[in-house]
Amino acid sequence: MILETDIFKTFDKGWPILTAGTKDGFNMMTISWGQMGTLWGKPVVSVFVRESRYTHEFMDKEDYFTLTFVKFQWYHEQLALIGSKSGRDIDKLKETGFTVFERPHGISFTNADLIVVCKKLFKQQMDIESIPEDIRAKFYKDNDPHDMYVGEVVEIISDRYKDRESSNKYKTGEGTGDGSSRWTVCMTKTGVYTAELYFMGAGGAHQWLYEIDKDVFDQAGTFENDDYKTENLIKEKGRLLYEAADEKETQPWQSVADTDYDKLCSWADIMGEKD
Ligand SMILES: Cc1cc2nc3c(=O)[nH]c(=O)nc-3n(C[C@H](O)[C@H](O)[C@H](O)COP(=O)(O)O)c2cc1C
């Protein structure tokens, strides 16, 4: 998965909107504390939500949560509102004027320029007693601890860099329910559309690279309960460029269908060497 970001500013300056729930019932709030990295071999995000937040109820109940990044200079007022008023007291969707963008898992908003969808893996309450005293005094004198929620990143949708000539546009998501299979589609700055399918299991890893068209790029990730639909679309409509495997049972191997595969997919982390 690809995410170009300045990690130390992403939360602190980006003020993402944390949302949990379904179309029939969800809540959102502004956050500025969070982490991104690797845990248990998975790409993860951790967020910190005080028990008193209405959003906390949804974070406990739901299996997925999303982070929606909007342009700060355009939506500063809305971010301040949903970061100071509770969804128990106001209709946040109505007040912000945001439009719901339903993902196969989770809720986001069409106003986003970056969406990160996470599958909840783990929750733990911060042990206030073991926090340095000065921090405890500053943040926890009201005994309203943060719970840490760690989520596996299963989908990234980014328009964030579209104004930069040098950058490509990507969408990525999971192929199966267990998250071991991923797809990524890319529209390069030169208007070439390509895709990567990647499978990682106990037996090893397998990668396929395809050339696709705009139609496949547009459709990727739009299916409800995706369950292989995007993967199958790429396989069915795409032109296979390259395939590689690094599996326990056999020696690593590559199969080149188009010698330009590395130029067409220079954005991808290509397994194996060119023949
Ligand atoms: C910039 C900013 C960052 C915030 N970061 C967090 C955070 O990381 N964790 C948290 O629990 N609350 C955070 N808040 C506070 C919540 O957004 C706020 O309490 C909100 O009203 C909760 O809404 P809810 O009750 O509808 O869930 C932040 C608020 C702002 C304005």
* Structure fact -> Contour minus Cα-Cα span, Lys138 to Lys235, at 0.36 nm per residue, comes to 29.5 nm
* To do: Give a quick list of GluC sites (Glu not before Pro) in the stretch 209-275 that DSSP marks as loop, anything other than H, G, I, E or B, with at most 16 other Cβ atoms within 10 Å.
  => Glu224, Glu249, Glu273
* Structure fact -> Over the chain, with neighbouring protein chains present, the accessible area per residue in Å² at probe 1.4 Å is 52 Å²
* Under a 1.4 angstrom probe, counting protein chains only, how are His76, His56 ranked by accessible area, largest first? -> His76, His56
* Structure fact -> So the carbon and sulfur contribution to the accessible area of the chain, 1.4 Å probe, in percent, is 48 percent
* How big is the gap, in Å, between the Cα center of the stretch 205-274 and the Cα center of the stretch 1-68? -> 29 Å
* Structure fact -> For Glu4 and Ala205, extending 7 Å from Cα along the Cα-Cβ vector and measuring point to point gives, in nm, a value of 2.2 nm
* Residue-wise, which Karplus ³J(HN,Hα) couplings in Hz belong to the stretch 212-224, taking 6.51 cos²θ - 1.76 cosθ + 1.60, θ = phi - 60°, and x for glycine or proline? -> 10, 10, 4, 4, 5, 4, 5, 6, 4, x, 9, 7, 6
* Residue separation times 0.36 nm, minus the C-alpha to C-alpha distance between Lys120 and Lys85: what's the value? -> 10.1 nm
* To do: May I ask you to derive the relative contact order of the chain, considering only C-alpha pairs under 8 Å and at least 6 residues apart, and to give it as an integer percent?
  => 13 percent
* Residue-averaged [θ]222 nm for the chain, counting only DSSP H segments that reach four residues, each worth -39500 (n - 2.57) -> -5000 deg cm²/dmol
* Compute the length gained on full extension between Asp12 and Lys189: take 0.36 nm times their separation in residues and subtract their Cα-Cα distance, giving the result in nm to one decimal. => 60.8 nm
* What Kirkwood hydrodynamic radius do you get for the stretch 7-158 when you take the inverse of the mean 1/r over all pairs of distinct Cα atoms, in Å? -> 15.7 Å
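The values are calculated or read from the model by the stated rules, or taken from the named source; none is laboratory data. Everything quoted here is computed from the prediction, not taken from an experiment. Every residue, glycine as well, gets a Cβ built from its backbone with ideal geometry; the counts of neighbours run over all protein chains shown. Each accessible area value is taken on the protein alone, full model and side chains, heavy atoms only, with ligands, DNA and RNA left out. Shrake-Rupley method; radii C 1.70, N 1.55, O 1.52, S 1.80 Å.
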